Amino acid sequence: MDSARGVCAIRGRDGDQTYVNSTIEAELPRLLSKATGSVFPSLSAPDLKNFRVLRPSAQVMSQFLLMRRFVSGEGKLAFERSRNIGLGP
């Protein structure tokens, strides 16, 4: 039996993958509700193309990315520095 499996990559338009990954994770039940297949979930190209996600404003996106870095532990220092910009020594 010959079976073919397709693979796709979903990338953000602005080059930052964090928001895209978080959105897919949060919306996974909605995506999987459209899936077919008994062994591996399968989504069609139209299902993926028609999957709509709200795009936040630049300010909201900036806050989101900053918070994600902070929560992950890599951005605590950057967060503290951003709060102190313009305060002087």
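Since every read-out is calculated from the coordinates, none of them should be taken as a lab result. Quick caveat: nothing in here was measured; it's all calculated off a predicted structure.
So here's what we get for this one:
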| read-out | value |
| --- | --- |
| Note, ³J(HN,Hα) from phi for region 27-42, Karplus 6.51, -1.76, 1.60, rounded to Hz, x at Gly and Pro | 9, 4, x, 5, 5, 5, 5, 9, 6, 10, x, 9, 9, 10, x, 10 |
| Computed lengthening from Thr23 to Phe64, 0.36 nm per intervening residue step minus Cα-Cα distance | 13.6 nm |
| For Phe51, distant residues with modelled amide H under 5 Å away | none |
| Full-extension gain in nm, Leu54 to Ser38, via 0.36 nm per residue minus C-alpha separation | 2.7 nm |
